[in-house]
Amino acid sequence: MSRKPAEKPEQSQLSLTLPAKKAELPAAPSPEPAAAPPAADVAPPPAPVQPRIYLVSELIKAARVTLESRFTDVRVEGEVSGLKRSGNGHIYFTLKDADAQLDCVMYAREAARLKFTIEEGMAVRCKGRLTIYEARGRFQMTVDKVEPTGAGALALAFEQLKQRLGTEGLFDPARKRPLPFLPRRIGVVTSPQGAVIRDIVRIAHRRYPIAILLAPTQVQGEGAALGIAAGIRKLEAIADVDVIIVARGGGSLEDLWAFNEEPVARAIYACRVPVISAVGHETDFTIADFVADVRAPTPSAAAERAVPIRDDLTAELALLRRRGGRALAETARRARHELERARARLGDPRRLLDERRQRLDEHIERSRRVLTRKLAAARADLRGVEVRLHRAHPHRRIAEQRHALAAMRHRLEVAMQPSLVRRRHAIDAACGKLEALSPMRVLERGFSLTQRADGHVVTSAADVKPGERITVRVSDGGIDATVEGTHKK
């Protein structure tokens, strides 16, 4: 179908055609045979045909069946709008152009097979079938396949993944590690069949007889990316594997696509040892090339970069040995020359020792004289301190303070005597007054003091009740009593 399907004759016939099996209008009911009328009677006119009344669900279902039977394979181009993804993985969007729009749905099963991510505003070409969503009576398209109308789907998926992983830092040059000078063992992730592994083994052993460990996996087709990632993880878990080569021969973009998938990129990024990516030919670039520590244009070049040439190492070692011998001889010659010059400057060691002994004796004598002078000065200072200390002896100062304290005590006693006399007279007078006002004097005159058991003084007949215990205090003691009754004045 073209981009403007309305122009084709098939689209001009989008009238609703109900299937004969479910929605066909019923034929007019044939009249039941009636008894033969008398020859003289006229036959009655036929009954009018009544139109069929449809349920909404019957009508929508009939329209859906008709639409799906006629438009089972439709291709439509447009711009993605209103993109939504459900929790189940279904994708809902609208295809629109300048004049119209079409609701579309892509279920999770088909969405999982997409190589790229559908984004808002993307121009795409959709393949699917037209249908009606019966629950809402909505016209829509069920999409089976989506392709971008600009770059191809694989190229778009490549760019999307490359941009996302680059943003996360997987391509950062600062994290790339140098290859070991002479690895103990090389791990290779590739197919066990084909020329790739044979080329790597042949070139590596030709350069240096190094151990090679193969992690066999498929490098093309469904599940290849997961197998490559698993092979990388298995090899890095082996202690003596110092470098890993991920390799494949040349091919189309579809053939190399396993090396453009995220599991492979994540496995290379997390690998503990350096990884060489050798996928395709020199002009082929994959996501694995950008994540790997080193990119080799071909598998053979990867083997050459991972393994040095033994003959070159032997020649370089011999050259270094010769250079080391010459350098050592030159160093020894310079050392002997410096020794001779030092010996000439140093002279006879015994003479130097005699000079050092004489200088040591002079220093000892000078130190003894200085120490004697300092000791004499220290003794003189000590005698002066002893004289000052004797003058300020504590016993002398204590005696002086005792005399001063005795004089102050005498003056205090003399000053306090008149005041004490006056206060004694005042106290005697107050005692006389207190004695005259004492309650005991009142009790001696015949009065008594009545108290309840709680010590409260009874001042009224209402303060006690019959049967209550009371105490009557007189001058020489107390009387315990019980109240038998009370009466008022």
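For residues that are closer than 23 Å to Lys488 by Cα and polar (S, T, N, Q), tally how many sit in region 410-468.
5
Condition test on Val243, is it at pLDDT 90 or above, surrounded by 20 or more Cβ atoms within 10 Å (Cβ to Cβ), under 21 Å from Pro192 (Cα atoms) and over 29 Å from the mean Cα position of the chain (by Cα)?
yes
When residues of region 49-76 are filtered for being free of Cβ contacts under 8 Å to residues at least 60 places away in the same chain, exposed (fewer than 11 other Cβ atoms within 10 Å of the Cβ) and under 56 Å from the mean Cα position of the chain (by Cα), how many remain?
So the count comes out to 1.
Identify, from the list Thr471, Thr450, Thr486, the residue that is of a type in the set (S, T, N, Q), part of a loop (DSSP other than H, G, I, E, B) and more than 60 Å from the chain's Cα centre (by Cα).
Thr486
Residue-by-condition table, conditions (1) in contact with a Cys (Cβ under 9 Å, 6 or more places away or on another chain); (2) β-branched (Val, Ile, Thr); (3) closer than 29 Å to Glu236 by Cα:
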site	(1), (2), (3)
Asn88	no, no, no
Phe93	yes, no, no
Tyr107	no, no, no
Met122	no, no, no
Ile132	no, yes, no
Ala135	no, no, no
Glu159	no, no, yes
Arg164	no, no, yes
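Are any of the residues in region 433-443 at pLDDT 80 or above and either more than 60 Å from the chain's Cα centre (by Cα) or hydroxyl-bearing (Ser, Thr, Tyr) (or both)?
For region 433-443, residues at pLDDT 80 or above and either more than 60 Å from the chain's Cα centre (by Cα) or hydroxyl-bearing (Ser, Thr, Tyr) (or both): present.
Output the number of residues of region 93-152 satisfying the condition of being of a type in the set (A, V, I, L, M, F, W, C) and outside any loop (DSSP other than H, G, I, E, B).
17
Suppose we keep only residues that are modelled with pLDDT under 90 and in contact with a Pro (Cβ under 8 Å, 6 or more places away or on another chain) within region 249-280. Which one would you say is nearest to Arg185 (Cα to Cα)?
Residue satisfying both the conditions and the ranking: Ala278.
Mind checking which residues of region 306-324 are surrounded by 17 or more Cβ atoms within 10 Å (Cβ to Cβ) and assigned to a helix (DSSP H, G or I)?
Ala306, the sole residue that qualifies.
What pairs come out if I take residues in region 307-336 that are in contact (Cβ under 8 Å) with a residue 60 or more places away in the chain and pair them with residues that are in a helix (DSSP H, G or I) whose C-beta lies under 8 Å away, six or more apart or interchain?
Val307/Ile203; Val307/Ala204; Val307/Arg207; Pro308/Arg207; Ile309/Arg207; Arg310/Arg207
The values are calculated or read from the model by the stated rules, or taken from the named source; none is laboratory data. A quick note: this is a predicted structure, and the numbers were derived from the prediction, not measured. Positions of Cβ are generated from backbone atoms using ideal geometry, with glycine treated the same way; all protein chains shown enter the neighbour counts.
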